[in-house]
Amino acid sequence: MTDNVSTHQAEEDARNEAILIFVNGRILPKAQAVVSVYDAGFMLGDGVWEGIRLYNNRWAFLDEHLTRLFEAAKAIDIDIRMTPDQVAQALFDTQAANGMTTDAHARLMVTRGVKTRPFQHPRLSQQGPTVAIIMEHSRPKLPRPIRLATVPHLRGLPMTQDPKLNSHSKLNCILACIAAEKAGADEALMLDVHGFVNTTNACNFFIVRKGAVWTSTGDYCMNGITRQKVIDLCHANGIPVHERNFTLVDTYSADEAFLTGTFGAQTPVGSIDGRQIGTGQMGPMTERLRGLYKALVAA
């Protein structure tokens, strides 16, 4: 289909052709911001990352993103060789160099670094980590609610690749996205190992049924920061919210469905597997949560 959209679809912004990018302590023009073909991230997907949004000169929930980045680096045994404050300063310096004050998105990436030989063993990365920050002018632009298709690709067990890890190794999710697009949808709805509805290939997934908000248990998905903020907002505002197992049968008959993520905040879902969800447009609960989240960010 030709009218596919993405949860990360943004307005075109000519300023992004002239952005400056942080690479290992240097802030460089886009064309010069390169890493070696021997880099473990390029060669093996060996790294972790965070996406962070800039609103009104503040990076939303920055401390939580940095905590998750350092926890992920520890989990895969990468020494970032910077403190959280130093990483934050690199983010601020890159922001200042680009003259950005709002409506920007940063992708903060850490890999195991350049390898001495093109093989898997982590000890071959001897020069220290690669740290990069890509920062773009970015205002989400979604022309219609997202269409989802259920795919056979699962979010797996923790002993294979823990889905809670924000890893550079995203091939499973990419294959899920390809399968969804082949089915005429925008993004993939992925199940967990027990067949319960879990997450999409790029975002966390919620439904609304009879005034209550449902999402997965969180056992088999990235425990997104925006996901948690929505759960917290529900608790704080008297909205029933359940982290539970539920099936496609529950999902198809939902009153609303929406996705959460750093980039798009709360993105409405119009259909799943060709079945219209609710009115097919943004529902009142999604709209209310978007307002509450916007107020939280502003605060």
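Would you list the strands (runs of 3 or more DSSP E) that sit entirely within segment 237-294 and hold 1 or more residues that are in contact with a Lys or Arg (Cβ under 9 Å, 6 or more places away or on another chain) and either closer than 17 Å to Pro143 by Cβ or not assigned by TED's automatic domain parsing to the domain that holds Ala202 (or both)?
Fully inside segment 237-294 and qualifying: 256-261, 265-272.
For the structure I just gave you, tell me whether Ile178 is surrounded by fewer than 18 Cβ atoms within 10 Å (Cβ to Cβ) and not assigned by TED's automatic domain parsing to the domain that holds Phe61. So that I can check it myself, show each step before the final result.
Values: surrounded by fewer than 18 Cβ atoms within 10 Å (Cβ to Cβ): yes; not assigned by TED's automatic domain parsing to the domain that holds Phe61: yes.
The answer is yes for Ile178.
Could you grab me the full set of residues in segment 77-123 that are assigned to a loop (DSSP other than H, G, I, E, B) and buried (at least 16 other Cβ atoms within 10 Å of the Cβ)? If you could, list the steps in order and put the result at the bottom.
Within segment 77-123, the subset assigned to a loop (DSSP other than H, G, I, E, B) is 77-83, 99-103, 112-113, 116-121.
Hits for segment 77-123 are Ile78, Ile80, Met82, Met100, Asp103, Arg112, Gly113.
Among the residues of segment 1-43 satisfying the criterion of being in contact with a helix residue (DSSP H, G or I) (Cβ under 9 Å, 6 or more places away or on another chain) and part of a helix (DSSP H, G or I), which is farthest from Thr116 (Cα to Cα)?
Arg15
Filter segment 278-299 for residues that are touching a Pro at 6+ places or on another chain (Cβ under 8 Å) and either over 13 Å from Asp255 (Cβ atoms) or among the aliphatic types (A, V, I, L, M) (or both) and give the result.
Listed by number, the list holds a single entry, Met282.
Specify the residue that is nearest to Ala236 (Cα to Cα); the eligible residues are those in segment 278-294 that are small (Gly, Ala, Ser) and crowded, with 19+ Cβ neighbours inside 10 Å.
Ranking the candidates gives Gly283 first.
Under 6 Å between Cβ atoms, which residue pairs at least 6 apart in sequence (or on different chains) link something in segment 261-284 that is at positive phi and touching a residue at least 12 places away in the same chain (Cβ under 8 Å) with a partner that is among the charged types (D, E, K, R) and crowded, with 20+ Cβ neighbours inside 10 Å?
Gly278/Glu256
If I ask for residues that are among the aliphatic types (A, V, I, L, M), in a loop (DSSP other than H, G, I, E, B) and under 25 Å from Ala40 (Cβ atoms), which ones from segment 161-188 would you list?
Of everything in segment 161-188, just one residue is among the aliphatic types (A, V, I, L, M), in a loop (DSSP other than H, G, I, E, B) and under 25 Å from Ala40 (Cβ atoms), namely Leu165.
Kindly indicate the residue of segment 230-249 that is of a type in the set (D, E, K, R) and closer than 15 Å to Thr199 by Cβ and also surrounded by the fewest Cβ atoms within 10 Å (Cβ to Cβ) among those meeting that condition.
Among those residues, the one meeting the criterion is Arg244.
Where residues in segment 124-143 are closer than 24 Å to Arg15 by Cα and touching a Ser or Thr at 6+ places or on another chain (Cβ under 7 Å), which of them is surrounded by the most Cβ atoms within 10 Å (Cβ to Cβ)? Explain how you work it out, then say what you get.
First pass over segment 124-143, keeping only residues closer than 24 Å to Arg15 by Cα: 131-143.
From what is left, the residues that are touching a Ser or Thr at 6+ places or on another chain (Cβ under 7 Å) are 133, 135, 142.
Values: Ile133: 22, Met135: 24, Leu142: 17.
Ranking the qualifying residues of segment 124-143, first place goes to Met135.
Note down all Cβ pairs under 7 Å where the first residue falls in segment 54-79 and is in contact (Cβ under 8 Å) with a residue 40 or more places away in the chain, the second is assigned to a strand (DSSP E or B) and exposed (fewer than 13 other Cβ atoms within 10 Å of the Cβ), and they're at least six residues apart or on different chains.
Pairs that qualify, where the first residue is in contact (Cβ under 8 Å) with a residue 40 or more places away in the chain and the partner is assigned to a strand (DSSP E or B) and exposed (fewer than 13 other Cβ atoms within 10 Å of the Cβ): there are none.
Name the single residue that is modelled with the lowest pLDDT among those in segment 7-27 being over 30 Å from Thr83 (Cβ atoms) and surrounded by fewer than 17 Cβ atoms within 10 Å (Cβ to Cβ).
Taking the candidates together, the pick is Gln9.
Being within 18 Å of the chain's Cα centre (by Cα), assigned to a helix (DSSP H, G or I) and on the phi < 0 side of the Ramachandran plot, is that true of even one residue in segment 189-206?
No: segment 189-206 contains no residue that is within 18 Å of the chain's Cα centre (by Cα), assigned to a helix (DSSP H, G or I) and on the phi < 0 side of the Ramachandran plot.
Among the listed residues Thr200, Thr217, Thr160, Thr150, identify the single one that is closer than 30 Å to Ala73 by Cα and buried (at least 18 other Cβ atoms within 10 Å of the Cβ).
Thr200
The values are calculated or read from the model by the stated rules, or taken from the named source; none is laboratory data. Just so it is clear, the model here is predicted, and its values are computed rather than measured. Glycine also receives a Cβ, built like all others from the backbone with ideal geometry; neighbour counts cover every protein chain displayed.
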